[in-house]
Amino acid sequence: MMLRTHRLAVAAVLALGATGRALADGLLPLPPAAEQTASLQTPYATYALPVGPWEAGKTPSIGLTGAVTEQAWRIPGNGPDTLKLAETLRAGLIEQGYAAIFACATDACGGFDFRYQTDFLPEPEMHVDLADFRYLSAVRGQGPKAEYLGLMVSRAGDTGFVQLTRIGTTETPAPTPLP
């Protein structure tokens with residue numbers, strides 16, 4: 001949760017109104033109606049990427065150090081449900097060479113505890129419904145040039161929410177549970 005303090009101070013400045021087509025450098029196949037709500041780039045930071053469900057008081061994570069980019073989008077209207085949206089986004093990531101490390105849905109993730117032990121952008125940029133969310137962590141490449149990402153998909157009523165967190169590492173991470 002190293003980024004949380006810094007991010008809260010600048011999140012309001014970073015709210016954007018981009019269209020759905022110029023998203024995440026073309027990484028995510030989001031619906032055309034998607035509106036980017038935030039984009040935050042930290043050139044060098046530590047990030048705990050979840051790689052397992054919350055249980056026994058913690059969420060297993062890989063401690064990564066490198067450039068961290070966090071982006072969030074709101075999808076208005078009667079778009080796809082979280083399952084369909086998560087499947088579409090995952091397929092797009094796999095097409096681009098990412099391999100899933102861990103994927104889960106709401107209760108299988110650890111529900112409330114998973115959500116609050118994982119670092120996400122604050123409301124209103126990103127909303128995580130504790131009864132309906134899906135999470136994916138993935139990697140592309142190996143060693144010092146590996147790129148990691150965390151993807152959260154959720155809904156509030158008819159509105160979808162997506163957050164993509166990308167971490168470009170500067171060294172090979174060792175899987176270690178973080179508090």
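The values are calculated or read from the model by the stated rules, or taken from the named source; none is laboratory data. None of the values given here were measured: they were computed from a predicted structure. Counting neighbours? That spans all protein chains shown, and the Cβs are built from the backbone with ideal geometry, glycine included. Keep in mind that these areas ignore ligands, DNA and RNA; they rest on the heavy atoms of the full protein, side chains included. Shrake-Rupley method; radii C 1.70, N 1.55, O 1.52, S 1.80 Å.
Listed values, structure above:
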| quantity | calculated |
| --- | --- |
| The range 32-42 - residue that is touching a Gly at 6+ places or on another chain (Cβ under 9 Å) and part of a strand (DSSP E or B) and, of those, farthest from Leu121 (Cα to Cα) | Glu35 |
| Residue among Glu125, Glu87 that alone is farther than 18 Å from Gly52 by Cβ and surrounded by 18 or more Cβ atoms within 10 Å (Cβ to Cβ) | Glu125 |
| Within the range 27-43, tally of residues that are open to solvent by 30 Å² or more (accessible area, probe 1.4 Å) and in contact (Cβ under 8 Å) with a residue 24 or more places away in the chain | 6 |
| Filter result (open to solvent by 70 Å² or more (accessible area, probe 1.4 Å), within 15 Å of Asp81 (Cβ to Cβ) and of a type in the set (D, E, K, R)) within the range 128-159 | Asp158 |
| Residue within the range 97-115 that is free of Cβ contacts under 8 Å to residues at least 24 places away in the same chain and crowded, with 20+ Cβ neighbours inside 10 Å present | yes |
| Residues within the range 54-81 that are in a loop (DSSP other than H, G, I, E, B) and open to solvent by 40 Å² or more (accessible area, probe 1.4 Å), tallied | 8 |
| The one condition in (1) within 18 Å of Gly26 (Cβ to Cβ); (2) buried (at least 18 other Cβ atoms within 10 Å of the Cβ); (3) free of Cβ contacts under 8 Å to residues at least 60 places away in the same chain that Val162 fails to fulfil | (3) |
| Tabulated pairs, the range 117-133, first under 15 Å from Gln71 (Cβ atoms), second among the acidic types (Asp, Glu) and not in a loop (DSSP other than H, G, I, E, B), C-beta under 7 angstrom, 6+ apart or interchain | Leu121/Glu70 |
